[in-house]
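Here's the structure, in structure tokens; my notes come after.
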Amino acid sequence: MNVIAVQAQNLHKSYLLGATAVGALRGVDLTIQRGEFVAFMGPSGCGKTTLLNLIGAIDTPSRGTLCVDDVVLEKLSEDQLADLRRDRIGVVFQFYNLLPTLSARENVELPMQFKGTQRTERRERSMSLLERVGLKDRADHKPAELSGGEQQRVSIARALANQPVLVLLDEPTGDLDSVTGQGIMSLLRDLNQREKVTLLVATHDSMVAEASSRIIKLRDGCVESDSRAS
């Protein structure tokens with residue numbers, strides 16, 4: 001039985017530039033099943049990052065309906081949205097957003113600390129996640145002591161800390177060389193295929209598209225095409 005992770009209906013998002021409203025999304029409809037690996041692609045300004053931010057409850061639609069894990073986001077209070085982001089959505093940023101004063105392990109533990117997870121459990125899970133991304137031996141290193149690829153792996157481990165329903169990634173290979181990027185994509189593909197983690201990725205990178213199971217192309221704030229891997 002398929003379980004819907006994300007459903008959007010007639011989704012619009014506009015921003016004000018001075019006195020002018022600029023449409024970033026213009027009537028997007030889509031349904032994403034639990035366990036899919038979806039790449040949002042398109043030129044700069046097409047709306048893919050805006051769509052990711054709406055799904056992640058980082059921003060709110062101008063109109064339309066958006067459901068994440070069978071929860072209608074527009075019905076939630078600010079506190080409930082914060083709980084949703086903490087408990088059900090993991091985010092991997094292009095430039096990692098790791099706290100420089102914390103070690104890799106402490107960065108991974110942070111979402112669990114906000115959730116109130118006990119210290120021993122936080123330690124065990126953070127080390128397990130770092131081992132999963134191949135960085136157990138770098139657990140005590142701070143971000144400045146890690147390469148870009150290693151920092152991105154820590155960011156992925158942190159996104160998985162609270163066992164989210166879906167993980168959102170904004171240009172996960174955008175700041176990496178091709179070899180390191182391939183390693184990140186291999187890790188993401190493994191997480192998706194072996195552990196059925198739902199991945200939504202905003203990207204320009206054709207290598208990311210090739211790793212995904214579905215490609216949704218956006219143009220001018222609308223869905224231009226929606227295709228699945230053969």
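The values are calculated or read from the model by the stated rules, or taken from the named source; none is laboratory data. Just so it is clear, the model here is predicted, and its values are computed rather than measured. Methodologically, a virtual Cβ is constructed for each residue, glycine included, from the backbone with ideal geometry; neighbour enumeration extends over all protein chains shown. Quick note on the areas: whole protein, heavy atoms, side chains included, nothing else; ligands and nucleic acids left out. Shrake-Rupley method; radii C 1.70, N 1.55, O 1.52, S 1.80 Å.
Worth a mention:
- Applying the set (1) closer than 14 Å to G90 by Cβ; (2) small (G, A, S); (3) surrounded by fewer than 23 Cβ atoms within 10 Å (Cβ to Cβ) to S227 leaves exactly one unmet item: (1).
- A single entry from G90, G56, G42 fulfils the requirement of being open to solvent by less than 80 Å² (accessible area, probe 1.4 Å), touching a Pro at 6+ places or on another chain (Cβ under 6 Å) and within 30 Å of S147 (Cα to Cα): G90.
- Residue that is nearest to N192 (Cα to Cα), among those in the range 109-149 that are acidic (D, E) and open to solvent by 100 Å² or more (accessible area, probe 1.4 Å): E131
- Residue list for the range 14-34, restricted to those being under 19 Å from the mean Cα position of the chain (by Cα) and among the basic types (K, R): R34
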